Amino acid sequence: MVEGFRPADLREALEFRSQHPSIPIAGGTDLMVQKARGFALKPDFDKPLLFIGHLPDLQQIIVENRQVHIGAGVLLSDLIKSDKIPAVFKEAISLMASPPSRNIATIGGNICNASPAGDTLPYLYAVDAILVLKSSQAERKIPVGVFITNPGKTDLASDEILTEIIIPDKKFGVSYYRKVGTRKGMSLSKASFTGLADIENSNVTDIRIAFGSVAPTIVRSRKIEASIIRKPVSEIKTAVPEIVKKYAPLIRPIDDARSSAAYRKKVSLRLLEDFLRNLAS
Ligand SMILES: Cc1cc2nc3c(=O)[nH]c(=O)nc-3n(C[C@H](O)[C@H](O)[C@H](O)COP(=O)(O)OP(=O)(O)OC[C@H]3O[C@@H](n4cnc5c(N)ncnc54)[C@H](O)[C@@H]3O)c2cc1C
C-alpha cells in the first residue's frame, strides 16, 4: 500500500522527514512516470510519500541583495510569468513539457530528478546557482554542480528537502539558449545549450557555456571559459575552431531512444560555434 503524508507547513514536513524514510513528491511528473506499473495499478513506491507541492514556504520568488531566491516548489508556469526571472531562463522553461505539465511540475523536482536532460539545469549551472537544503536540525547551501553527482543521483540527505534556489539578479549582455528536440513541445532534449556573456569595450569580460544531455551531468568548463575572457571580440571569430576543439572531448553523449551520440555531439558543437560567431558579430 502507498502511504502518504500531507504536512501543513515546511516545519511539519521536515519533522516528518527526520522521523520516517520518505519520498518527497512535488508535482509528481517525474515520479509518477518512473514508478508507474501499468493501467489501473498503483505506482510502485517503496517508501511513504511526503507531499510538498502545496507548501506556501516553497512558493515564493524574492529578490534580495542582488539575488533571486526561488522556492523549490515554484511551478514552471509561474517562473515563466514572473518578472523576476531572466528572459533566457524563461525561454528554456517555456520549451519544457506542455502547458498542463508546467502547471504542476516544479523547479525543485527538475533539479532533484538530476537528469542530464533536465532543462532548467544548463542555465542554473551557467549562473552558479546555489541550492538551499533544509532538515529539521540544519540548513546548508551547496552549488548545483556539486549537488548533482550522477544521472538521477544527488547529495540530498534522507532528512533533507530542497527549499530554495538562489541565482544572481543579473542580466548578461548576450544570452543564447537552444533546445534540440523532436518537436517544440512535449519532447525531452536531445541536446541543449546555454551561452551567456558580457562584453565591455569590445572585450569579453564574462562568459558562461553549459551543455545539456551530452554527458552524465551538465557540461561546463571554467578553464575554457577563463581562456576566452579578456579576448577582444574581434579575435573570437578566428578562435572559434580552437575553442570548439577544446570542448569536443567534454561532450560524451550516449545513444538512446531520443537520439544518437554522434548527432548529439555534432549539434552541440554547432550550437557552440553559432553562439561564438554571434558574439563576434
Ligand atoms: C510528458 C512529460 C514531459 C516532460 N518534458 C520535460 C522537458 O521538456 N524538460 C525537462 O527537463 N523535463 C521534462 N519532464 C520531466 C518533469 O516534468 C520535470 O523534471 C519537472 O520539473 C519535475 O518536477 P515535479 O515537481 O513534477 O517533480 P516530482 O516528480 O515531484 O519529483 C522529481 C524528483 O525530485 C524529488 N523532489 C521534488 N521536489 C523536491 C524537493 N523540494 N526536495 C527534495 N526532493 C524533491 C522527488 O523525490 C523526485 O525524486 C517531462 C515530464 C513529462 C511527464
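Of note:
- Selection within the stretch 18-35 - more than 6 Å from the ligand (Cβ to nearest atom), farther than 10 Å from residue 47 by Cβ and either of a type outside the set (Lys, Arg) or exposed (fewer than 15 other Cβ atoms within 10 Å of the Cβ) (or both): 18, 19, 32, 34
- Residue in the stretch 37-49 that is crowded, with 18+ Cβ neighbours inside 10 Å and either not assigned by TED's automatic domain parsing to the domain that holds residue 161 or not in a loop (DSSP other than H, G, I, E, B) (or both) present: yes
- Matching residues, the stretch 64-89, being in contact (Cβ under 8 Å) with a residue 24 or more places away in the chain, surrounded by fewer than 16 Cβ atoms within 10 Å (Cβ to Cβ) and either at negative phi or touching a Cys at 6+ places or on another chain (Cβ under 7 Å) (or both): 67, 84, 87
- Meets criteria (away from the ligand (no atom under 13 Å from the Cβ), free of Cβ contacts under 8 Å to residues at least 24 places away in the same chain and either crowded, with 22+ Cβ neighbours inside 10 Å or not assigned by TED's automatic domain parsing to the domain that holds residue 14 (or both)) for residue 197: no
- Hey, residue 205 hydroxyl-bearing (Ser, Thr, Tyr), modelled with pLDDT of 95 or more and touching a helix residue (DSSP H, G or I) at 6+ places or on another chain (Cβ under 9 Å) or not: no
- Residue count for the stretch 90-108, restricted to those that are within 7 Å of the ligand (Cβ to nearest atom), of a type outside the set (A, V, I, L, M, F, W, C) and surrounded by 18 or more Cβ atoms within 10 Å (Cβ to Cβ): 2
- Test for residue 62: is it in contact with a helix residue (DSSP H, G or I) (Cβ under 9 Å, 6 or more places away or on another chain), assigned to a strand (DSSP E or B) and closer than 17 Å to residue 131 by Cβ: no
- Single residue of 181, 185 found to be small (Gly, Ala, Ser), out of contact with any Lys or Arg (no Cβ under 7 Å at 6 or more places or on another chain) and touching a residue at least 40 places away in the same chain (Cβ under 8 Å): 185
- Residue within the stretch 90-97 that is in a helix (DSSP H, G or I), without any contact (Cβ under 8 Å) to a residue 40 or more places away in the chain, of a type in the set (A, V, I, L, M) and within 17 Å of residue 30 (Cβ to Cβ) present: yes
The values are calculated or read from the model by the stated rules, or taken from the named source; none is laboratory data. Since this is a predicted model, take the numbers as computed values, not measurements. Using ideal geometry, Cβ is built from the backbone for each residue, glycine included, and neighbour counts are taken over all protein chains shown.
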